[in-house]
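Notes for the one structure printed next.
The values are calculated or read from the model by the stated rules, or taken from the named source; none is laboratory data. It should be emphasised that the depicted structure is a prediction, and the values quoted were computed from it without experimental measurement. Glycine also receives a Cβ, built like all others from the backbone with ideal geometry; neighbour counts cover every protein chain displayed.
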Amino acid sequence: MDLSISVFGMGYVGSVTAACFAHLGHRIVGVDVSPAKVEMMAGGRSPIIEARMSELVEEGHRTGGSAPPLTRR
């Protein structure tokens, strides 16, 4: 069952949470006050440096059908 999940804050906790849920096929709406983080996640780039994050965010962005992290301000 695919869920729509909102994640508030695209820092270390929020971006990892969003990327993992998107990897599992859920639709993610991420929210952050930082325009830079919003632009990075919306463009398929990780706003943090963490193991496998770049791959997870890129995968979510590339596979539009499996819920890319859609980030809003």
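Could you check the stretch 4-28 and list, in sequence order, the residues that are touching a strand residue (DSSP E or B) at 6+ places or on another chain (Cβ under 7 Å) and aliphatic (A, V, I, L, M)? Within the stretch 4-28, Ile5, Val7, Met10, Ala18, Ala19, Ala22, Ile28 meet the criteria.
Screening Glu59 against (1) surrounded by 15 or more Cβ atoms within 10 Å (Cβ to Cβ); (2) over 17 Å from Asp2 (Cβ atoms); (3) modelled with pLDDT of 85 or more leaves a single unmet condition, (2). Taking residues in the stretch 16-32 that are modelled with pLDDT of 90 or more and β-branched (Val, Ile, Thr), and partners anywhere that are outside any loop (DSSP other than H, G, I, E, B) and surrounded by fewer than 18 Cβ atoms within 10 Å (Cβ to Cβ), the pairs with Cβ atoms closer than 9 Å and at least 6 places apart or on different chains are Thr17/Ile5. Across the stretch 21-49, the qualifying residues are those that are over 8 Å from the mean Cα position of the chain (by Cα) and assigned to a helix (DSSP H, G or I), and the one among them that is nearest to Gly60 (Cα to Cα) is His23.
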